[in-house]
Amino acid sequence: MPESLTSFAVGAGFYLLVHVPVIVRILIRPHREPASRLAWLLVALLLPFGGIVAYILLGEVSIGQARERRVREVTQQLTSTWSAQRKAALGGHASALEVEPGRTPEGATSAGTDGVDSLELEEYAHLFRSAGAINGFHPHGGNHASLLEDSNASIRAMVADIDEAIDHVHLLFYIWLTDGNGQRVAEALQRAAARGVTCRAMVDGLGSRDMIRSAVWKQMGEAGVKLAVALPIGNPLIRALRGRVDLRNHRKIVVIDNRITYCGSQNCADPEFRVKAKFAPWVDAVMRFEGPVVQQNQTLFASDWLTQEDDDISALLTAQAPAPGRGPGFTALAFGTGPTIRYSAMPGVFVSLMYTARRELVMTTPYYVPTEPMQEALCACARRGVATTVVFPARNDSWIVGAASRSYYAELLKAGVKIREYVGGLLHTKSLTLDGAVSLIGSANADRRSFELNYENNILLEDPGTTAALRARQEDYIASSDEVTLEMVRGWSMGRRLWNNAIAMLGPIL
């Protein structure tokens, strides 16, 4: 056979056996926006071999069949446990979310052991329904929270609470470093384990790889702390064949004695963040919570722990959580998202918050690569007269995300959104305040990685006092920021605008 015919036959065979099936998969794969399908289709057509390899490695949001099966088993187990607890708490009646606003189900109090205080939340009940539907949780009244002063204060508070623990301590961090703050937490866990407290610590296999290999990790294990690695990588080549390597557990959860939980953006590290010291300090916000929302964070921790470890802790989810013992408190709801949880769950909450705003909306995030509905919701917020402000870091540790974020500036500014760039370090706080009443805080960034690829956890709350504290922190960030105007963006060079927009085009194929 002539060489030309042989080459044609090989090419045709590759096209029919490999190329066409991949293109078909791109077109029929669920949970992809049209822009994403088009981007991947162009990559596959223009780069037949490289595009196919890229799609196999990065095009599917899968943690692997074995892990997905285990996640389903754990989810079913915890759902059953949580449902039984909720039914028992309400005396067999429906939750307050399942009745009309303004009414309370028979057998449940207005503050609700497991429902919305409808008198307090009627205006915002739809927000809690939206977030609660993600994990099957229901809003609880009776919560209290304090916003910690800074990163070091957060670690000091965690260590103090660990030193007071009497039953258990659960920690989950995406990044845990062996620096000063990382050592302080590790030493506190060892002290707690020595006095008989059950301590469980879990870290992400990629984000905390240095900790996992360190003497500190070994010392904690030898001291009796139960250790686990979320989404371990092992051999990267083999891992890539079983599921995407870059699907990570980005959550930050601390639960102590079913009584206290922490939620926010901070990893277990010094603000100097030595692995990326040139962007320091890392500027984070963390809240310390007491009340029924603690048990929801406990459930999120349990879902991650049981997926990786054969150590059933579901009994802790049915234990009676101690009441904070001061005042009526406010309503709050914890929720967690990830690649094995309902598609577009996290951006759906952001969009709901934006469309609910009537007077003011302020958001801080280090990474902004929104979905199209979220970008439109933020613009619509400003267009209808809501004072809308977003605060980003002036210097981003990810040049890709930094460029992509700025590609959205012109549209936001034209709509009337105020943009500030924080100059006091890397603003890492993920927060949103709404009309002086509602707050969202947690681990999720406003980007596609947090929305589709990472496991994240946030807490949604309705309370003017707590929201005022977070809003004041946001105002501190604004005071340390430079304003970005439409004239400035229009003055960018053609090359800069081309670069930003070209990078942004990659967003849908991530």
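The values are calculated or read from the model by the stated rules, or taken from the named source; none is laboratory data. Bear in mind the structure is a predicted one, so any value in this text is a computation, not a measurement. Backbone-built Cβ (ideal geometry, glycine too); neighbour counts: all protein chains shown. Ligands, DNA and RNA are excluded from the accessible area calculation, which covers all protein heavy atoms including side chains. Shrake-Rupley method; radii C 1.70, N 1.55, O 1.52, S 1.80 Å.
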Hydrodynamic calc, region 151-192: Kirkwood Rh from Cα pairs, then Stokes-Einstein at 10 °C with viscosity 1.306 mPa s, so D in µm² s⁻¹ is 150 µm²/s
Provide the gained length on full extension for the span LYS218 to LEU46, in nm with one decimal, where the gain is 0.36 nm per separating residue minus the Cα-Cα distance. 57.0 nm
Expected field for ARG70, accessible surface area in Å² at 1.4 Å probe radius, rounded to 10, holds 80 Å²
Quantify how much of the Cα-Cα distance distribution of region 239-383 extends past 24 Å, in percent. 51 percent
Limiting things to C-alpha atoms, what are the Rg and the maximum Cα-Cα separation (Dmax) for region 208-287, in angstroms? 15.4, 42
Would you mind estimating how fast region 376-510 diffuses translationally, via Stokes-Einstein at 10 °C and 1.306 mPa s with the Kirkwood radius over Cα pairs, in µm²/s? 99 µm²/s
Which of rounded, prolate or oblate describes region 450-510 when judged by the alpha-carbon gyration tensor and an a/c cut-off of 1.5? oblate
Which value, in debye to the nearest 20, describes the size of the charge dipole of region 310-377 about its Cα centre when Lys and Arg Cβ atoms bear +1, Asp and Glu Cβ atoms bear -1, and nothing else is charged? 420 debye
Give the residue from ALA472, VAL423, VAL386 lying farthest towards the positive end of the charge dipole for region 361-473; charges sit on Cβ (+1 for Lys and Arg, -1 for Asp and Glu) and the dipole is referred to the Cα centre. VAL423
Quote to one decimal, in nm, the extra length available between ILE233 and ARG395 on full extension: 0.36 nm per residue of separation minus the C-alpha distance between them. 55.3 nm
Can you put LYS276, LYS414 in order of accessible area, largest first, using a 1.4 Å probe? LYS414, LYS276
Using the Cα centre as the reference, give the magnitude of the dipole from point charges on the C-beta atoms of region 255-392 (Lys, Arg: +1; Asp, Glu: -1; all else neutral), rounded to the nearest 20 debye. 780 debye
In region 222-326, taking the dipole from +1 charges on Lys and Arg beta carbons and -1 charges on Asp and Glu beta carbons about the Cα centre, the listed residue (CYS268, HIS250, PHE279) farthest towards the positive end is PHE279
Alpha-carbon gyration tensor eigenvalues x 5, square-rooted, for region 140-232, Å: 22, 16, 14
dims of region 320-443, Cα set, principal axes, largest to smallest, nearest Å -> 50, 34, 32
Using a simple charge model, +1 on the beta-carbon of Lys and Arg, -1 on the beta-carbon of Asp and Glu, nothing else, what dipole does region 309-462 show about its Cα centre, in debye to the nearest 20? 880 debye
In units of 2.2 N^0.38 Å, what is the alpha-carbon radius of gyration of region 416-461? 1.32
By average C-beta atoms within 10 angstrom, highest first, the peptides 470-482, 375-387, 164-176: 164-176, 375-387, 470-482
7 Å from Cα along Cα→Cβ at both ALA194 and ILE478: what's the point-to-point distance in nm? 4.8 nm
Give the accessible surface of region 440-510 per residue, rounded to a whole number of Å², with probe radius 1.4 Å and ligands, DNA and RNA excluded. 42 Å²
Applying the Karplus parametrisation 6.51 cos²θ - 1.76 cosθ + 1.60 with θ = phi - 60° to the phi angles of region 254-259, what ³J(HN,Hα) value in whole Hz is obtained for each residue in order, glycine and proline being reported as x? 10, 10, 10, 6, 6, 10
